[in-house]
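Novice: A single structure is presented below for examination.
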Amino acid sequence: MRISALLVTLLCCVAPSLCQQDALLVSGFETLDGASMGWDAKNPDSKLALNADTRFVSEGTHSVSLQSVSPKDARGNTYLGVKLSLPEPVSVKNRALTFDAWTPEPDHTKALYVRGYDAQGKTVLSWMSWSGPVKTEMTSLELVPALSYPPFAWESGVVDSEQRDKVVAIEFVIGTGEPGVPYGMYIDN
């Protein structure tokens with residue numbers, strides 16, 4: 001699986017030459033090297049794995065699978081995340097983060113947060129949605145820093161730094177508000 005950042009800028013309409021750069025490969029997800037599970041990772045039902053089922057692969061031979069079951073006694077929301085450490089810092093200035101995603105549990109997987117971090121651990125990117133933005137069929141998403149647009153909201157209150165020229169990690173966090181239900185997501189491209 002590959003997570004890629006594509007050059008996208010609001011100036012494309014005014015200065016199309018700014019939009020003619022090639023896609024920048026951020027990292028390959030054909031292995032889990034550099035990937036770690038967080039949030040409800042200690043839950044024995046939480047699993048981070050490579051997926052080879054072609055129904056959930058849009059590029060290459062694998063996608064990442066993030067699956068869990070919320071605790072039966074959960075009060076409030078339950079979250080599970082995967083953080084990908086990038087092999088080298090990446091600039092996301094004048095770029096958008098793009099990826100493909102699927103969920104086997106669209107009735108329960110309602111939250112998706114996408115965050116980026118710098119080398120000091122400061123949050124430089126943060127979007128969130130609780131409207132179930134990912135469906136059973138492939139959903140292609142494109143997130144532009146500092147912009148909110150349905151179904152995602154830019155989380156300016158979570159962003160610690162505007163220095164987006166050296167992002168060293170990207171995190172995807174999924175969530176459910178129901179106790180005792182399966183939730184999960186596949187992420188690729």
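Novice: Ranked highest first by average number of other Cβ atoms within 10 Å, how do 167-178, 77-88 line up?
Specialist: Going from most to least packed, we get 167-178, 77-88.
Novice: Put +1 on the Cβ of each Lys and Arg and -1 on the Cβ of each Asp and Glu in the chain; which of 179, 67, 50 then has its Cα farthest toward the positive end of the dipole?
Specialist: 179
Novice: Treating cross-link reach as a plain straight distance, find the aspartates and glutamates whose alpha-carbon is under 14 Å from the alpha-carbon of residue 72, omitting any fewer than eight places away in the same chain.
Specialist: Once the sequence-local aspartates and glutamates are set aside, what remains near residue 72 is 40, 45, 178.
Novice: Let me ask you something else. At a Cα cut-off below 22 Å, give the lysines reachable from residue 122, other chains included and same-chain residues fewer than 8 away excluded.
Specialist: 83, 93, 166
Novice: Then there's this: For the range 65-189, take the alpha-carbon Rg, divide it by the Kirkwood Rh, and send me Rg/Rh.
Specialist: Rg divided by Rh gives 0.97.
Novice: P(r) of the range 43-114 in 5 Å steps, Cα pairs, percent per bin?
Specialist: 3, 11, 19, 23, 19, 13, 8, 3, 1
Novice: Over the range 54-189, with the other protein chains present, what is the accessible area per residue in square angstrom, probe 1.4 angstrom? Please list the in-between numbers first.
Specialist: Details: 5860 Å² over 136 residues.
Solvent-accessible surface per residue comes out at 43 Å².
Novice: For the range 138-189 and the range 39-101, compute the distance between their C-alpha centroids and round to whole Å.
Specialist: 10
Novice: Step through the residues of the range 131-146 one at a time and calculate ³J(HN,Hα) from phi using the Karplus curve (6.51 cos²θ - 1.76 cosθ + 1.60, θ = phi - 60°), rounding each to whole Hz and writing x for Gly and Pro.
Specialist: Going residue by residue, I get 9, x, x, 10, 10, 5, 7, 4, 10, 8, 10, 9, 10, 9, x, 6 Hz, with x marking Gly and Pro.
Novice: About its Cα centre, what dipole magnitude does the range 54-189 give when the only charges are +1 on Lys and Arg Cβ and -1 on Asp and Glu Cβ, stated in debye to the nearest 20? Can you show the working numbers first?
Specialist: Working: 12 positive and 16 negative charges, 32 e Å.
For the range 54-189, the charge dipole is close to 160 debye.
Novice: Could you run the Karplus curve 6.51 cos²θ - 1.76 cosθ + 1.60 with θ = phi - 60° over the range 71-84 and give me ³J(HN,Hα) per residue in whole Hz, x for Gly and Pro?
Specialist: Residue by residue, the range 71-84 yields x, 4, 9, 4, 10, x, 8, 10, 10, 9, x, 10, 10, 10 Hz.
The values are calculated or read from the model by the stated rules, or taken from the named source; none is laboratory data. Since the structure is predicted, the reported quantities are computational estimates derived from the model, not experimental observations. Neighbour counts are summed over all protein chains in view; Cβ atoms, including those assigned to glycine, are modelled from backbone coordinates with ideal geometry. Just so you know, the surface numbers come from the protein's heavy atoms only, side chains and all, with ligands and any DNA or RNA stripped out. Shrake-Rupley method; radii C 1.70, N 1.55, O 1.52, S 1.80 Å.
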